[in-house]
Amino acid sequence: MFWVFSTLYHHLRVVKKTGSTNVDYGISYSLSFGIFAGPLGLFIFETIYRFTIFFNRKRTKTADPEEFWDTFYNIGSFSLAYSAAYYLYNLLLPFFEPLPLGFWILLFLLVVVSSFLIDTFLICIFRILGDVNSVRDALDFYKSRSLTDMGKTALTNGLLLLFIHDAEWGTLVALFLLNYLVSLSFYSKSQSIQDKYERDKFEQMAYTDFLTGINNRAYMDLKIAELSQTEEYIGVVVADIDKFKSINDNYNHSIGDQVIRHFTKTLKNYLNANDSLFRSGGEEFTLFLRNRSYSQCVDLVERILRGVENSTVEVEFASEIVSISYTSSFGLYFYKISDQVPLEKGYIYADHLLLESKQDGRNRITAVNGCVDAGKTVLVNN
C-alpha cells in the first residue's frame, strides 16, 4: 500500500530547480514506514519505490541526465535520515508518551530532524556541484522548508503509524485516498495559478518594450481598438527626439539608448494614471491624454517640452562623464472619438502634426483642436 500510494502521489510533487539540480518537494510516507519496518525494511521500500520512479521517468522520457545516479542518492539519503528517525523514535518515545500530545510532538520533532538531515545531504551535494557557495546560501536552503508542510507530514505519518499498529487497514487506505485527493486539488489549483502567471508574463513580454520598460506598438494597437469604442475627448500626442541620429553618430548606440530611456522617464513624470504612453517607433513615442480639455493638453505638452530642453543626460563616454542635452518635437491632435474619426485616424493626424513641427525647425509643438475650427497652435520653446 505504501508503494502504491507513494508512486501515485509522486506526480503531484512540486519541483524546484536549484542550480543544475531538480529538487522534489512533497509529503513523504517514509517516516511512518521506517518507524514501522525498521532500517532494513525502509531500505527495501526506498529501493523499490525509487527505482519505480526512475523506470517510469525513463518510460515517459522525463528523466534527468543524471537520474540513474540520483536514484541511488535518494535511496541512501532517505534511508539514512529516516533510519535516524527510527532510532530516535524508539529512544524518545518513553519520555514523550506521558506528555499531553507527546506522540504528536515527537512526530513533529522527527520530521524536523529528518528534514534537516536530508537538506544537509543536499547542501553537501550542491557544494560539490557549485550551486551552494556560502553559508548564506546554505541557510537560505534550510529556510525554504515550510513549517506548515512539516506539520502536514508529521500529521499524515503519525496517523499512518497509528493505523498500522492497530491494523486499521480500511482507515489506512481512506487516509491515503484523502491525502491524495487533497493534494490533487491543491496541485490543480497551483497549476492553474502557475499557468495564469506564465500567460500573464508572456503577454507582458509581448506588449513591453524591453529598452524602456513601457508598452510597445503592439499594445498601442490594442489600446486604440479599445478606446475607439468610446466617444470620449482625447489628446493624441506623437513625440520624438530631435536630431537623434546625430547622437548615435557622435557617440554610439549605447549612449543613444540611454537618451531614449531618459526621454521615456521624462515623459512618464508628467503623466497620470489615466494617460497612456507607448514607444511607437525607434525614438518616437505616443501619448493618449484623457480627461483633459484642449488647453490642459497643450499646457501639459508645453511643460514636457520645457522639461526635456532644460534637462541633461549624464553618460560615460571615452572614460569620461559627459552631459548630453537634447530637444524634442510634438504633434498634438485633440478631438472627440467617433465612428467617422476613430482613434487610429486621430493618431495619423497627430503624426502629421509632429512632421510639421520637425519641418518648421524642431523643438516645438504643433497642435490642432479638432472640436472647433480654430486653426493650428504652434508653440516654440525659445
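The values are calculated or read from the model by the stated rules, or taken from the named source; none is laboratory data. Predicted, not measured: the structure shown is a model, and the values here were computed from it. Cβ: placed from backbone, ideal geometry, glycine included. Neighbour counts: every protein chain shown. These area figures cover heavy atoms from the full protein model, side chains too; ligands, DNA and RNA do not enter into them. Shrake-Rupley method; radii C 1.70, N 1.55, O 1.52, S 1.80 Å.
How about region 27-66: which of its residues are at pLDDT below 90, of a type in the set (D, E, K, R) and either surrounded by 15 or more Cβ atoms within 10 Å (Cβ to Cβ) or not in a helix (DSSP H, G or I) (or both)?
The answer is 57, 61, 64, 66.
For residue 274, only one of the following conditions fails: (1) touching a Phe, Trp or Tyr at 6+ places or on another chain (Cβ under 6 Å); (2) over 24 Å from residue 316 (Cα atoms). What is its number?
(1)
Which members of region 321-338 meet the condition of being open to solvent by 60 Å² or more (accessible area, probe 1.4 Å) and either among the β-branched types (Val, Ile, Thr) or more than 37 Å from the chain's Cα centre (by Cα) (or both)?
Answer for region 321-338, where residues must be open to solvent by 60 Å² or more (accessible area, probe 1.4 Å) and either among the β-branched types (Val, Ile, Thr) or more than 37 Å from the chain's Cα centre (by Cα) (or both): 321, 336.
Being surrounded by 14 or more Cβ atoms within 10 Å (Cβ to Cβ) and assigned to a strand (DSSP E or B), is that true of even one residue in region 295-314?
Yes: region 295-314 contains one or more residues that are surrounded by 14 or more Cβ atoms within 10 Å (Cβ to Cβ) and assigned to a strand (DSSP E or B).
Among the candidates 251, 197, 180, single out the residue that is in contact with a strand residue (DSSP E or B) (Cβ under 9 Å, 6 or more places away or on another chain) and either surrounded by 13 or more Cβ atoms within 10 Å (Cβ to Cβ) or hydroxyl-bearing (Ser, Thr, Tyr) (or both).
Residue meeting the stated conditions: 251.
Sort through 271, 222, 267, 277 and tell me the only one that's outside any strand (DSSP E or B), open to solvent by less than 30 Å² (accessible area, probe 1.4 Å) and either out of contact with any Asp or Glu (no Cβ under 8 Å at 6 or more places or on another chain) or under 17 Å from residue 363 (Cα atoms) (or both).
Going through 271, 222, 267, 277 in turn, the sole match is 267.
Could you check region 212-242 and list, in sequence order, the residues that are among the hydroxyl-bearing types (Ser, Thr, Tyr) and within 22 Å of residue 297 (Cα to Cα)?
228, 230, 233, listed by residue number.
Just for region 77-102: of the residues that are over 19 Å from residue 142 (Cβ atoms) and either in contact with a Gly (Cβ under 7 Å, 6 or more places away or on another chain) or not in a helix (DSSP H, G or I) (or both), which one is least open to solvent (accessible area, probe 1.4 Å)?
Among them, the one singled out is 83.
Between residues in region 161-177 that are among the aromatic types (Phe, Trp, Tyr) and buried (at least 17 other Cβ atoms within 10 Å of the Cβ) and residues that are modelled with pLDDT of 85 or more and in a loop (DSSP other than H, G, I, E, B), which pairs lie under 9 Å by C-beta distance while being six or more apart or on different chains?
176/1; 176/29
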